[in-house]
Amino acid sequence: MRTAELVEIDEHRLLRRLDDLAQRGALPGGGIYRALYTPSWTSAMELVTSWLKEGQLFPRRDAVGNVWGRIEGSRGGRVIVTGSHIDTVRGGGALDGALGVVAGVEAVTSLWENHGRPTRILECVAICEEEGSRFSTNFWGARAIADRLEPGEAERARDGDGTTLADAMRAVGLDPANVASAVRRDIDAFVELHIEQGPVLDENGPRLGVVTTIAGTTHLEVTLRGQADHAGAMAMTRRKDALVGASAMAVEIADLATRMGDPAVATVGTIAVEPAQVNVVPGLARFTIDARHPENGRRTELITQIGDACKRIARERGLDVEMRTLRDRPPVTLSPRIADVLRRACAAAGVEPRDLASGAGHDAQMLSYAASTGMLFVPSIGGRSHCADEATLAEDVVLGTRALATALRELAYQP
Ligand SMILES: [Zn+2]
């Protein structure tokens, strides 16, 4: 294995910019909310654009609002890209997505300042949306780049207030009829730095992880129909309580994933009952399941077990059960070639990285349809993420960004 030289970055600029970005969309009670095409999102994108201008990286906004910076390569060819998403969940933290955006700008700026023109075209990108932060359009930005938007999606998707995605786009000066122009077919490699969002690196080290696969995600909706009855008059033995059935299922679903073992996960994240009155036995319960595993065979097995368990419990309790698949995304294997580049960059930083499967979804998984992709993880303190307590040691933020810059140097400065 060749040993690379660790690339220098401006760590004060990096940390200051992370702090500045965290102000855009900061909520009064703590946490951040930058939802797609809202004023906090616009403000964050304007900030990123100002950094790109400052670094002479010629900012450009594409048809869905992804913001790109670029250095032309002396030999041209297919493009090397780094970046992550700018949007956050409601009450999210300062690093999910933001780290990859700020570190990407920093790595490219530092390379330009210290190493001059690359041979390959080098770009950084702030991707407009990954989280489903306002519409249920997860990976909207990366899917636009990878040509995976569905026809009419912008007209169909609505936020909680009923505003369509298309109208939200128009409000920030984007034309929904134009989304196809965001497609890129000239990207060779995409590299994303991200926080782990789980406890593995923080608890067991090392300080850097190379992602090999991203778990497949299945979302199911289960509707249980029993019988609404008087909470005082109907005997316990004669009830068909849909919520009690749903509760038994939620416990069983968690047990199934636990028994399958790490990294299988299954979560009942929402539940609603009808008629939802204090003195009525719930006649209907509807809940969602999120189930993930990085191996496709195991994921399918988990889904089958969950389906069988729900049917069995429904039968035992005299309930009708209906299961609907809301989303089914297969696991994604990231590029072994880029993983090797990242391992060499980690070695240059004096770290022997750990290979990890990501349970969380990432832009890199969508961009793997358009390019060879790789991901580098830094530890999340206590494994916390999607919350105000999301944090990573400053020294790990700096280390990860230097490793990212080192990987980009290998990719974009080949003679
Ligand atoms: Zn993220």
task: Quick one: go through segment 281-296 and flag any residue whose amide nitrogen is under 19 Å from the point 7 Å out along the Cα-to-Cβ line of R324.
output: 283-291
query: Packing-wise, with mean Cβ within 10 Å as the measure, how do 135-145, 163-173 rank, highest first?
result: 135-145, 163-173
- line: Within segment 79-97, the residues whose backbone N lies under 18 Å from a label point placed 7 Å from the Cα of T267 along the Cα-to-Cβ direction are 87-97
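Given a Förster distance of 25 angstrom, what is the FRET efficiency for V183 paired with D19, based on the Cβ-Cβ distance and rounded to 0.05? Could the numbers behind the result be given before it?
Numbers: r = 34 Å, r/R0 = 1.37.
That pair, V183 with D19, gives E of 0.15.
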- request: Compare the Cα positions of G318, L284, A257 along the charge dipole of segment 216-329 (+1 at Cβ of Lys, Arg; -1 at Cβ of Asp, Glu; about the Cα centre) and return the one farthest towards the positive end.
  value: G318
- prompt: Between Q414 and V278, what length comes free when the chain is fully extended (0.36 nm per residue of separation minus the Cα-Cα distance, one decimal in nm)?
  reply: 42.1 nm
- request: Keeping all protein chains in place, calculate the accessible area per residue for the chain (probe 1.4 angstrom), answer in Å².
  value: 42
statement: Between the alpha carbon centres of segment 239-305 and segment 1-37 the gap in Å comes to 36
field: the chain: calculated mean residue ellipticity at 222 nm from DSSP helix runs of at least 4, using -39500 (n - 2.57)
entry: -11000 deg cm²/dmol
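Within segment 216-329, what whole-number % of the accessible surface is contributed by carbon and sulfur, with the 1.4 Å probe and all protein chains included in the calculation?
On the way: 3050 of 6150 Å².
C and S fraction of accessible area: 50 percent.
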query: Given a cut-off of under 8 Å on Cα pairs at least six residues apart, what relative contact order in percent is computed for the chain?
result: 24
message: With every protein chain left in place and a probe of 1.4 Å, what is the accessible surface of T304, to the nearest 10 Å²?
response: 70
statement: If each K or R counts +1 and each D or E counts -1, the residues other than R315 whose Cβ falls under 14 Å of its Cβ total 0
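With only Lys, Arg, Asp and Glu charged, each at its Cβ (+1 for the first two, -1 for the last two), find how big the charge dipole of segment 216-329 is about the Cα centre; round to the nearest 20 debye.
In total the dipole reaches around 160 debye.
How high is the FRET efficiency from E54 to R315, r the C-beta distance, R0 56 Å, rounded to 0.05? Can you show the working numbers first?
Numbers: r = 65 Å, r/R0 = 1.15.
That gives a FRET efficiency of 0.30.
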query: In the chain, what percentage of the DSSP-assigned beta bridges are antiparallel, given to the nearest 5?
result: 65
message: Pairs of alpha-carbon atoms within less than 8 angstrom and 6+ residues apart define the contacts here; what relative contact order does segment 216-329 have, in percent?
response: 44
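The values are calculated or read from the model by the stated rules, or taken from the named source; none is laboratory data. A quick note: this is a predicted structure, and the numbers were derived from the prediction, not measured. With ideal geometry, Cβ positions are generated from the backbone for all residues, glycine too; neighbour counts draw on all protein chains shown. Just so you know, the surface numbers come from the protein's heavy atoms only, side chains and all, with ligands and any DNA or RNA stripped out. Shrake-Rupley method; radii C 1.70, N 1.55, O 1.52, S 1.80 Å.
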